[in-house]
Each structure stands twice: as C-alpha cells, then as structure tokens.
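One structure is given here, and the rest of the page talks about it.
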Amino acid sequence: MKIAVIGSGGREHSICVSLKNSKDISELYCIPGNGGTSLLAKNIEIDIGDFEKIKNFIIENKIDLVVIGPEKPLVDGLTDYLEGFGIKVFGPNKKASQLEGSKIFTKKLCQKENIPTAKFGIFKNKEDSISYLKSSEFPIVIKADNIAAGKGVYISNNITEAVNAINEIFDGKFGVANNVLIEEFLEGEEMSFFIITDGITIKEFGTAQDHKRVSEGDKGKNTGGMGCYSPSRLISDDLKSKILNQIIHPTLKALKKQSITYNGFLYAGLMIKDGNPYLIEYNVRMGDPECQTILPKLKSSLAEIFFSTVNQKLNEANIEWKDKKSLCVVLCSNGYPDDYKKNIEIENLEQLKLDNNNLVFHAGTKIENYKTYAIGGRVLNFISLDDNFNIIKKNVYSNLEKLNWKNGFYRKDIGYKTQD
Ligand code: AMP
Ligand code: GLY
C-alpha cells in the first residue's frame, strides 16, 4: 500500500513513524514534510495549497490513501477535491470541517442541540458589539470567526481591551470579518479529548492537557503548543461518558441531520468545571503536539485504522494502547512566537538516548548533507513514555539538556500539575 501524508509538522512526523511501523506499507510520501520525515518517507516539495499538483502527484504515483494532517487544507476542501477524482482520503470534508473553520457554525450547532458550551452572542458590526460589551461582565472572550492559527481569541479584562479586540477583528486582522463572537468566560481546567470516526462508529483516541502559553507558569503569548501530557489528569469514566453523551454524539448526530458525514479525527477542546465538560472549540484533526504525545502509545496498526476509517469499517479496527503515560516538550527557536532566525544548525542529535519510550519528532527542520537545520519556530518535540510522570520528565529533560541547543528554548515546567 502507498500512503501520502500532507503536512510538515511534528504531528505529521509522528504519523509517518506510526505508519512506517504498520505492516503492508510499500511507499510512504510526505507533502512537503520536514527533516524528520525525510529519514523515513519521500518528501515531496508541493505547496499544500496547490490542490491540482497534489492530485496529479497522487494519481501519477498510484497512491492508495492520502492522510491530511493540518486544518487549513481540510477547511479549504482538499478532501472533497481529491475524492472527486476517486482518491481515498483520511480527514473530514469541507462541510464537516466547518466545526473548526467557523466558530459560529459550531456555536449555533451547540445551541440547537443543547451541547454545553459558553453562553454567546454573534454581532455583525462594531457598534452592536460595543453596545453589548457596555452591559457585560468581565473578563469576556471575543473571537474572530475564521481559523487564525490559535490567534483571533481575546480574553478581555475590561471594556478598553474588549473594544480594541472588536476593532482589530472588524479591521481585518484575521481576514474579512462579517461577524464576531462574544462569549462568557468559562472558569475551570482545560483538557483535550480525541476520537476517530468513519461516520458510523466512534472510537476514543486518547486525552491530553497542553500548555499553550510561551512562558513557565502558563504566562506570556499564546503559541501553537509548548508541550503536553497524556492522559489528562482530569479524565474519569464518569467524565468520559459525559463528554461522549453530551458533546461528541450529539455533534455527529447533528451533522448527520444536515447530511454531513464525518471521517477522521475529531479533537474537542473542553473546559472542565465541577466535573462537567463544556465545549470551547472543535478541531477537525489531531492536535500538535498532542498527536506526537499520544501516537507512541498506540499498539495497533495506524495504517489499518486509517484504511478501515475511509472504508467505513472502523467497527472492525483494533485500537489498542500501551498502558503508559506520555509527555512532550517542544524545543523552539529563540524569539518564537515572534521573529526567530532560520537555517541554524542543530548539532548533537546523534548523542540523544532514543528508544521506543524516548522519542524525538521533528517539526520546523530540514536536513541537508547529513546536517539538521532549524527553519521554523517550533523545531523538535521530545517525548517520553513510562508509568510515572516524574520519571518521564527526568528522561525528557535529560535529553533536552544533552542536546544543549544554544539557539533555542523550552518550557521547564511541562506537566507541572501532574502528580506521579
Ligand atoms: P480557541 O481557539 O477557541 O480554543 O481559544 C483559545 C484559548 O482561549 C482556549 O484554549 C482557552 O484557553 C481560551 N478560551 C477560549 N474560549 C474561552 C472561554 N469561553 N472561556 C475561557 N477561556 C476560553
Ligand atoms: N495544540 C493545539 C492544537 O493543535 O490546536
């Protein structure tokens, strides 16, 4: 079987590694891939926005399955486009991807189906938004409707901050804005819940808690994710059944009512308050770095899981997990999430102690003449698996210290809320 993975992050490197470990894979491609994927797949330099070139490559090389990692091509309809040429694709179609692509689509669906989420209002212009804010309590949450790579969400502590957010959104900071979403601020602790579905069967795909802010103590700017751990310390059988019955099942049923079939991973970003889940957002893909943290625990064949999903036979797939905990720390280029230098060599990678329980996935890297260079903000992901988070942290941080990359930094407190 030939598989092509679309994307270039740590998530896609970890997907490639799991696929490579699956049986019956004759060729693996990554479009465009990174330094890490070039070691086990063929990297193909095609812009992931160029659907036609991707389609031509898939057809010419007789590829059996395309796996789409990031949200942008999903939201832009790459699945629909490729399926139109008879290509099998793992990842939701354009209509289903509105769950991530339009926060307003998701909020309206929650309202209709009584799915627990923050109370909200939708406003079409600056004047109406500001007059609503004048009678609101603070903090309050203001969101642009479109995907904005983790940005476009403001937590405003007073009217001045809120008006600034409204102005930035309607002035086009995140693209043309016809609407803004204003939400009640939810208190509690966040966790992420993952499932995989073929539109008929739903199977759990792990839980995690991530650290989005750049600095220790969860302070500073928002990032794509500085690290995470799995499972979430909050998960219990009771909470799991609430998440499935109050949030996941009603969402997929509501899509079906609109004749939308969901195929792929679904990632629910939740706030847990007093043991009850509230939906903050959906992502129509695995998280990054959650994917890198969860996939090394998978015992079953990822290729088989993907093929059974696209063939609507997920009920027949075996999804077994190692009984272990895992944690990931992201090594970033100095300056991230603002400007950082590119093309800086990363030495010492060969000195790391790596095995099935201690892994490194590449994100923003390239390899040239056997040398690895950083070309992105998030550069490498360090993961360890064990029964105990304290041992995991010791192993992860010991590898980061061994690498001793002077041009980068990482948070030293990932998983600080875990006990053992
Ligand atoms: P989103 O892109 O919708 O996930 O929002 C980014 C982050 O903003 C979330 O991970 C939360 O930390 C925070 N956030 C979003 N909505 C709310 C809310 N209604 N109440 C509290 N925090 C929120
Ligand atoms: N780590 C958060 C995300 O992938 O959206």
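Do the conditions hold for Asp386, that is, is it among the charged types (D, E, K, R), more than 16 Å from ligand 1 (Cβ to nearest atom), under 30 Å from Ile155 (Cα atoms) and modelled with pLDDT of 95 or more? Here the answer is no, as Asp386 does not meet what is asked. Of everything in the range 32-55 that is of a type in the set (Gly, Ala, Ser) and surrounded by 15 or more Cβ atoms within 10 Å (Cβ to Cβ), the residue that is nearest to Asn21 (Cα to Cα) is Ala41. Restricting attention to the range 164-178, does a residue exist that is at pLDDT below 95, touching a helix residue (DSSP H, G or I) at 6+ places or on another chain (Cβ under 6 Å), within 10 Å of ligand 1 (Cβ to nearest atom) and over 24 Å from Cys328 (Cα atoms)? Taking every residue of the range 164-178 in turn, none turns out to be at pLDDT below 95, touching a helix residue (DSSP H, G or I) at 6+ places or on another chain (Cβ under 6 Å), within 10 Å of ligand 1 (Cβ to nearest atom) and over 24 Å from Cys328 (Cα atoms).
Scanning the range 137-146 for residues that are surrounded by 15 or more Cβ atoms within 10 Å (Cβ to Cβ) and either over 18 Å from Asp171 (Cβ atoms) or more than 14 Å from ligand 1 (Cβ to nearest atom) (or both) yields Pro139, Ile140, Val141.
For (1) within 13 Å of ligand 1 (Cβ to nearest atom); (2) assigned to a strand (DSSP E or B); (3) without any contact (Cβ under 8 Å) to a residue 12 or more places away in the chain, each residue gets a yes or a no:
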position: Glu204; (1), (2), (3): no, yes, no
position: Gln209; (1), (2), (3): yes, yes, no
position: Val214; (1), (2), (3): no, yes, no
position: Lys221; (1), (2), (3): yes, yes, no
position: Gly227; (1), (2), (3): no, yes, no
position: Asp238; (1), (2), (3): no, no, no
position: Ile243; (1), (2), (3): no, no, no
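Looking only at the range 130-145, filter to residues that are assigned to a loop (DSSP other than H, G, I, E, B) and polar (S, T, N, Q); which one of those is nearest to ligand 2 (Cβ to nearest atom)? Filtering first and then ranking leaves Ser136.
Among the residues of the range 264-303, the ones that are open to solvent by less than 10 Å² (accessible area, probe 1.4 Å), of a type in the set (S, T, N, Q) and within 15 Å of ligand 1 (Cβ to nearest atom) come to 1 in all. Of the listed requirements (1) more than 16 Å from ligand 1 (Cβ to nearest atom); (2) touching a Leu at 6+ places or on another chain (Cβ under 6 Å); (3) under 20 Å from Lys108 (Cα atoms), Thr261 misses just one: (2).
When residues of the range 210-230 are filtered for being within 12 Å of Cys328 (Cβ to Cβ) and touching a Ser or Thr at 6+ places or on another chain (Cβ under 8 Å), how many remain? Write out each step before concluding.
Of all residues in the range 210-230, those within 12 Å of Cys328 (Cβ to Cβ) come to 210-211, 225-230.
Imposing the further condition that a residue be touching a Ser or Thr at 6+ places or on another chain (Cβ under 8 Å) reduces the set to 210, 228-230.
Adding up the residues that qualify gives 4.
Quick grid of which residues meet (1) in contact with a helix residue (DSSP H, G or I) (Cβ under 9 Å, 6 or more places away or on another chain); (2) under 29 Å from Arg11 (Cβ atoms):
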residue	(1), (2)
Leu74	yes, yes
Gln111	no, no
Ile130	yes, no
Ser135	no, no
Ser156	yes, no
Ile159	yes, no
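If you check Ala374, Ala363, which single one turns out to be of a type in the set (Gly, Ala, Ser), on the phi < 0 side of the Ramachandran plot and open to solvent by less than 10 Å² (accessible area, probe 1.4 Å)?
On the way: Ala363 fails: open to solvent by less than 10 Å² (accessible area, probe 1.4 Å).
One residue alone meets the criteria, Ala374.
Report, by residue number, each residue of the range 313-352 that is open to solvent by less than 70 Å² (accessible area, probe 1.4 Å) and assigned to a helix (DSSP H, G or I). Leu314, Leu349, listed by residue number.
The values are calculated or read from the model by the stated rules, or taken from the named source; none is laboratory data. What you are looking at is a predicted structure, and each value in this text was computed from that prediction instead of being measured. Neighbour counts run over all protein chains shown; Cβ positions are idealised from the backbone, glycine included. Just the protein is used for accessible areas: all its heavy atoms, side chains included, with ligands, DNA and RNA removed. Shrake-Rupley method; radii C 1.70, N 1.55, O 1.52, S 1.80 Å.
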